Amino acid sequence: MDCKTYIVEHLDDELGPWSKLEYITIAKESHQAGSKFCLSSVPASLELPQTLRDAPGFIADAQSVETLYFDDKARVCLLDPSAKKELSPEDGEAFDVFLFGGILGDDPPRDRTSELRKKGFVGRRLGPKQMTTDTAVRVTRMIVQEMIPLEKIPYVDDPELRVDKHESTEMPFRYVMDEDGKPIMPEGMVDLIKKDTEKGFGDLF
Ligand code: SAM
């Protein structure tokens with residue numbers, strides 16, 4: 001497996017607890033796969049959580065992806081839910097940098113990935129359904145590093161999480177399915193979702 005770079009361009013004002021867990025997971029999994037994870041466009045004013053800074057393989061960069069790859073744009077593939085073409089294992093030969101929007105999922109999706117599309121990167125889709133950012137990176141890695149075609153990856157759509165005896169909440173996203181038929185989520189995410197559900201979701205997605 002050759003080394004790839006996964007870049008999440010920070011597009012939100014803050015970096016909340018959901019993003020923190022997603023990014024720690026992306027860093028760990030990329031590192032295990034012999035690849036790099038970079039969070040780009042991180043303003044100096046944004047204090048990154050220490051657990052994220054300490055995650056193996058985590059790199060933060062104040063520069064935007066446009067600046068980082070100014071002379072090398074053709075190496076970068078934007079994972080874009082509105083792209084016309086699906087990502088395929090062959091794209092692992094054409095590109096070595098894979099770019100994702102650093103945005104929490106929203107329902108219905110607001111297409112904030114358009115902020116990166118406008119910059120002219122080549123785009124590829126991972127199917128029609130919105131994935132969480134860590135899922136999108138996981139699926140990309142499976143396709144371009146493990147050479148598994150998109151349609152062979154098992155998914156769980158819109159999983160229902162039981163919060164307590166009386167209440168459950170649906171996550172309106174696509175996740176990769178593990179061997180037990182469960183959605184793969186970052187460590188600590190189920191507890192965080194339960195805690196936030198008890199508080200009332202508000203504007204969390
Ligand atoms: N609703 C969001 C938007 O405004 O575009 C999607 C955000 S999604 C949680 C975060 C990132 O994951 C996207 O910017 C994109 O890079 C990637 N992503 C998620 N689902 C995808 C899909 N089906 N195809 C391609 N990329 C996807």
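The values are calculated or read from the model by the stated rules, or taken from the named source; none is laboratory data. Every value quoted in this text rests on a predicted model; they were computed, and no experiment measured them. Using ideal geometry, Cβ is built from the backbone for each residue, glycine included, and neighbour counts are taken over all protein chains shown.
Here are the numbers for the structure shown:
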{"item": "Some residue of segment 175-190 being touching a Pro at 6+ places or on another chain (Cβ under 7 Å) and not in a strand (DSSP E or B)", "result": "no"}
{"item": "Those residues of segment 1-20 which are outside any strand (DSSP E or B), in contact (Cβ under 8 Å) with a residue 12 or more places away in the chain and not hydroxyl-bearing (Ser, Thr, Tyr), in sequence order", "result": "1, 2, 3, 4, 11, 12, 14, 15, 16, 17, 18, 20"}
{"item": "Segment 98-120: number of residues that are more than 6 Å from the ligand (Cβ to nearest atom) and crowded, with 23+ Cβ neighbours inside 10 Å", "result": "3"}
{"item": "Test set (1) under 21 Å from residue 86 (Cα atoms); (2) modelled with pLDDT of 95 or more - residue 120 fails condition number", "result": "(2)"}
{"item": "Subset of segment 121-136 (residues that are within 11 Å of the ligand (Cβ to nearest atom) and either hydroxyl-bearing (Ser, Thr, Tyr) or under 17 Å from residue 75 (Cα atoms) (or both))", "result": "121, 123, 124, 125, 132, 133, 135"}
{"item": "Identity of the residue in segment 21-40, outside any loop (DSSP other than H, G, I, E, B) and of a type in the set (A, V, I, L, M), that ends up farthest from residue 134 (Cα to Cα)", "result": "39"}
{"item": "Some residue of segment 81-93 being closer than 16 Å to residue 64 by Cβ, aliphatic (A, V, I, L, M) and more than 6 Å from the ligand (Cβ to nearest atom)", "result": "no"}
{"item": "Count of segment 44-75 residues which are acidic (Asp, Glu), outside any loop (DSSP other than H, G, I, E, B) and more than 16 Å from the ligand (Cβ to nearest atom)", "result": "0"}
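Residue by residue, here is whether (1) of a type in the set (A, V, I, L, M); (2) surrounded by fewer than 15 Cβ atoms within 10 Å (Cβ to Cβ); (3) modelled with pLDDT of 95 or more holds:
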residue: 31; (1), (2), (3): no, no, yes
residue: 37; (1), (2), (3): no, no, yes
residue: 45; (1), (2), (3): no, yes, no
residue: 63; (1), (2), (3): no, yes, yes
residue: 66; (1), (2), (3): no, no, yes
residue: 78; (1), (2), (3): yes, no, yes
residue: 83; (1), (2), (3): yes, no, yes
residue: 94; (1), (2), (3): yes, yes, yes
